[in-house]
Amino acid sequence: MLLITCPICGPRPEIEFRNMGEAHIARPTPEGTSDDDMAAFLYLRSNPKGLIAERWRHVHGCARFFNAVRHTVTDKFVTVYEVGAPKPDLAALAADLAADLAAREAGR
Amino acid sequence: MTPEIKRVGAFEGLPAFPATSRVKAVPTGPLARILFRGSPAAAASVSAVFGAPLSTVPMRAGEAGGRAALWLGPDEWLLIGRDGEGEAILAAIAGAVAEPHSAVDVGHRNTGLVLSGARAVDVLNAGCPLDLHPSAFPIGMCTRTLLGKAEIVLWRQAADRFHIEGWRSFAPYLLGFLAEAAREYA
């Protein structure tokens, strides 16, 4: 079973968690925001092949929300961080991940 | 004429748990249970009047004088006392905490049982994916988790004794699940 590290409870089984969608999406004020921009806020998500910052909730544990960077292909959780913390540099994390993989390949 | 009201335990009328020398499950009977939510400062005020300390260390239970305070989240604790103490605990909390908080009596929503025996860990692990080795889940640790499809609060009271809190409507499922898992250790 996949283990997800809750910032409060530590590594816990994945079934205790709920994915709550992409993180760092700020709601614009309706006044002065065009319909297109409002629709984009509501419905458009990045849906990348690679790393994505997401909101997760440890619903069957401490019940707290946190953010996590996950690889959408391998399901690897690269890092977790508290709500309110700035968004990590996904490009840098992806480069670290690629370097790590290359080092493992070289060591094999 | 006042209609007679009879209190029926959640486990009454259910098939008995097949107790063996290696594992048994015993319902706790009625208990007072308060779900308290508030800041750590408010929790410290509650600790003073409740008796058992409200832990600020994650996943730790405080126990004293027949009462227990189980950490559920950074601002959430489950307070357990003897049956009938609920009103008094609520009043004590209301008097001790000035800042905004929430204290709700969930004594009739929850029900509890104690699973004990040398095989208690194996029976639990049939439906609970947590690592229950003493190094990862020591005595005094408590957490919300899952047993099969039902949410429970699991509290290790001794090396081979666990207190399981679940919602009363899940009682037949919880007892049935544990009984099925225990068949292996008959």
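For the pair A:Ala26 and A:Asp100, label points projected 7 Å from Cα toward Cβ lie 3.0 nm apart.
A viscosity of 0.692 mPa s and a temperature of 37 °C, combined with the Kirkwood radius over C-alpha pairs in the Stokes-Einstein formula, give the protein assembly as shown a diffusion coefficient of 151 µm²/s.
Pick from B:Ala43, B:Ala126, B:Ala25: which is most flexible by mean-square fluctuation in a GNM of chain B where alpha carbon atoms under 10 Å apart are linked? Greatest mean-square fluctuation among the candidates belongs to B:Ala126.
Rounded to the nearest 0.05, what FRET efficiency do B:Ser169 and A:Ala91 have when you use their Cβ-Cβ distance and R0 = 35 Å?
Details: r = 49 Å, r/R0 = 1.40.
Using R0 = 35 Å, I get an efficiency of 0.10.
Placing pseudo-labels 7 Å out from each Cα toward the beta carbon at A:Glu14 and A:Val83 gives an inter-label distance of 2.4 nm. In chain A, the longest principal axis of the Cα atoms and the axis of helix A:90-107 are about 20 degrees apart. Here the spin labels are modelled as points 7 Å beyond Cα on the Cα-Cβ line, and at A:Ser46 and B:Thr20 they lie 5.3 nm apart.
Amide H contacts of B:Glu85 (H built 1.01 Å from N, in plane; Pro and chain starts excluded): B:Ala32 sit under 5 Å, all sequence-distant by 5 or more or on other chains.
Here, each number is a calculation from the coordinates, and none is a lab measurement. Keep in mind it's a predicted model, so treat the numbers as computed, not measured. Cβ coordinates were reconstructed from backbone atoms using ideal geometry, including for glycine residues, and neighbour counts include every protein chain displayed.
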